[in-house]
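Beneath this line is the structure, given in structure tokens, with notes to follow.
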Amino acid sequence: MTEMTSIDAVQKMLGDQGYICGRDLGTVVFLSLRLGRPLFLEGEAGVGKTEIAKALAAGLNRKLIRLQCYEGLDASSAVYEWNFPAQMVAIRAAEAAGGADTEALTADLFSDKYLIERPLLEAMRPDENGAPILLIDELDRTDAPFEAFLLEALSDFQVTIPEMGTINAPEPPIVILTSNRTREVHDALKRRCLYHWVDYPDFDREMEILQARAPEAAEKLSREVVAFVQLLRTEDLFKKPGVAETIDWAKCLLALDVINLSPEVIADTLGAILKYQDDIAKLQGSEAKRILDQAKASLEPV
């Protein structure tokens, strides 16, 4: 489906865009591209699921079309809408002019001129650079009826507009679905896709990611940041920090000209890595120092 000829080529292409991935993720991305199968990525928030779609779009020079899911999202909002205000203006103008051809007016009102394309329809349209990347983000926020509709749309890569008929994709889009697993997505939809669980990276992988996304950070500071976050994820927190928080925190520390971590610096910048007050409260006082001491001890040569 694309010019990617090997798993190594996929990993290099993603790496060139600042997205560092292991061979397991590189393999499933390669297979998705080669077989033309949707890719379903599940994992905790902030581990880089959405970023894969962005890196693919940049690396393949394809248009990125994002459907951000939310509770109450329905098929019409995801596919198309008619520009009702403009249609009403056209109707009023025709009435004022008098003698309007009703059939011609109806045909004009339900033409591309008044059609507002939403992500799923936009992804079915041809593009000069090739099939676009369709990112269906946080699918777990939607409900079962929308999943059923999506299952049909991804099976045939076509959508139907009653006033215009069925629109087929000349080349199926590259589809990436993500879920934070706040609820289970139906098995029927998962079976249409290649599946991969995106986990928190280990220390070495997270160091690679941080060096790629915040290369200006000194290695000593980067190692302390990653070691601290790695240990923080083992604590009993409501929301563990993801890779996105690691990168954000490192950039905050750089903006403050921090050279190395200290309990005081951590206390001042906890809002960059923890997003709930209960979690922040747990790290007040000696807790941050305890974790920092453990992190620094783990970095000392044996």
- Query: Long-range amide H contacts for Tyr80: which residues qualify at under 5 Å (H placed 1.01 Å from N, peptide plane, sequence gap of 5 or more or a different chain)?
  - Reply: Arg118
- Using the alpha-carbon atoms, what tilt in degrees (0 to 90, nearest 10) does helix 243-255 show relative to the longest principal axis of the chain? 60 degrees
- Please name whichever of Ala58, Gly98, Cys21 sits farthest to the positive end of the charge dipole of the range 17-112, dipole taken about the Cα centre and charges placed at Cβ: Lys and Arg +1, Asp and Glu -1. Cys21
- Given Lys190/Lys240; Lys12/Lys54; Lys49/Lys220; Lys190/Lys239; Lys54/Lys220; Lys49/Lys282, the pairs whose alpha carbons are separated by over 24 Å: Lys190/Lys240; Lys49/Lys220; Lys190/Lys239; Lys54/Lys220; Lys49/Lys282
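For the chain, what is the charge dipole size about the Cα centre, in debye to the nearest 20, if Lys and Arg each add +1 at the Cβ and Asp and Glu each add -1 at the Cβ?
Values: 32 positive and 50 negative charges, 110 e Å.
Magnitude of the dipole: close to 520 debye.
With a cut-off of at most 13 other beta carbons within 10 Å, and DSSP calling the residue loop, which chymotrypsin sites (Phe, Trp or Tyr not before Pro) in the range 223-302 qualify? Please list them.
Working: sites: Phe228, Phe238, Trp249, Tyr276; in loops: Phe238, Tyr276.
Sparse-neighbourhood loop chymotrypsin sites (Phe, Trp or Tyr not before Pro): Phe238, Tyr276.
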- Could you check which residue among Gln158, Gln230, Gln87 shows the biggest mean-square fluctuation in a GNM of the chain with a 10 Å Cα cutoff? Gln87
- Check cross-link reach from Lys289 to the aspartates and glutamates: straight Cα distance under 16 Å, and skip same-chain residues fewer than eight apart. Glu224, Glu235, Glu264, Asp268, Asp279
- Between Lys113 and Asp236, what FRET efficiency comes out of the Förster formula 1/(1 + (r/R0)^6) with R0 = 41 Å and r the beta carbon distance, rounded to 0.05? 0.10
- Query: Quick one: helix 23-35 against the long Cα principal axis of the chain, what's the angle to the nearest 10°, folded into 0 to 90?
  - Reply: 10 degrees
- Note on the structure: Once both label points are put 7 Å beyond Cα along the C-beta direction, the Arg191-Ala93 separation in nm becomes 5.1 nm
- Calculate how steeply helix 49-60 sits against the longest principal axis of the alpha-carbon atoms of the chain, using the helix alpha-carbon long axis, and give the answer as 0 to 90 degrees to the nearest 10. 70 degrees
- Item | For the range 265-280, 3J(HN,Hα) per residue [Karplus equation, 6.51 cos²θ - 1.76 cosθ + 1.60, θ = phi - 60°, Hz, x = Gly/Pro] | 5, 4, 4, 6, 10, 4, x, 7, 10, 10, 10, 10, 4, 4, 5, 4
- Item | Anchor Lys63: aspartates and glutamates whose Cα lies under 17 Å away (excluding residues fewer than 8 positions away in-chain) | Glu3, Glu51, Glu117, Glu122, Asp127, Glu128, Asp137, Glu171
- Query: Taking amide H positions as placed 1.01 Å from N in the peptide plane, with prolines and chain starts having none, which residues 5 or more places from Val175, or on another chain, fall under 5 Å of its amide H?
  - Reply: Leu39, Leu134
- Net charge (Lys, Arg +1; Asp, Glu -1) of residues whose beta-carbon lies under 13 Å from that of Asp8, Asp8 excluded, is +1
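Based on the Cβ-Cβ distance of Tyr276 and Glu300, what FRET efficiency does E = 1/(1 + (r/R0)^6) give at R0 = 25 Å, to the nearest 0.05?
Numbers: r = 32 Å, r/R0 = 1.27.
Once rounded, the FRET efficiency stands at 0.20.
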- Task: Tell me which label goes with the value of Cα extents along the principal axes in Å computed from the coordinates here: (1) 87, 45, 36; (2) 56, 55, 37; (3) 91, 72, 33.
- Result: (1)
- Query: Sorted by packing (mean other beta-carbon atoms within 10 Å per residue), highest first, where do 181-192, 51-62, 117-128 land?
  - Reply: 51-62, 117-128, 181-192
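Work through the residues other than Asp112 whose Cβ is under 15 Å from its Cβ and net out their charges, Lys, Arg +1 and Asp, Glu -1. Intermediate values should be presented prior to the final figure.
Values: positive: Lys113, Arg118, Arg125; negative: Glu81, Asp108, Glu117, Glu122, Glu163.
Its environment carries a net charge of -2.
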- Could you tally the net charge around Met124, taking each other residue with its Cβ under 10 Å from the Cβ of Met124, Lys/Arg +1 and Asp/Glu -1? -2
- Item | Test item: Cα-centred dipole of the range 12-91, Lys/Arg +1 and Asp/Glu -1 on Cβ, debye | 480 debye
- Note on the structure: HN-Hα couplings for the range 144-160 via Karplus (6.51, -1.76, 1.60; θ = phi - 60°), in whole Hz with x for Gly/Pro, come out as 4, x, 5, 4, 4, 5, 5, 4, 5, 4, 7, 6, 10, 6, 8, 10, 10
- Karplus 3J(HN,Hα) series, Hz, for the range 80-90 with 6.51 cos²θ - 1.76 cosθ + 1.60 (x for Gly, Pro): 6, 9, 8, 7, 4, x, 5, 5, 5, 4, 5
- Charged-residue dipole, Cβ positions (Lys, Arg, Asp, Glu), the range 27-151 about Cα centre, Debye nearest 20: 540 debye
- Task: Could you work out how far the C-alpha centroid of the range 1-51 sits from that of the range 226-302, in angstrom?
- Result: 29 Å
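No value in this document is a laboratory result; all are computed from the given coordinates. These numbers come from a predicted model, not from an experiment. A quick note on method: Cβ atoms are made from the backbone with ideal geometry, for glycine too, and the neighbour counts reach across all protein chains shown.
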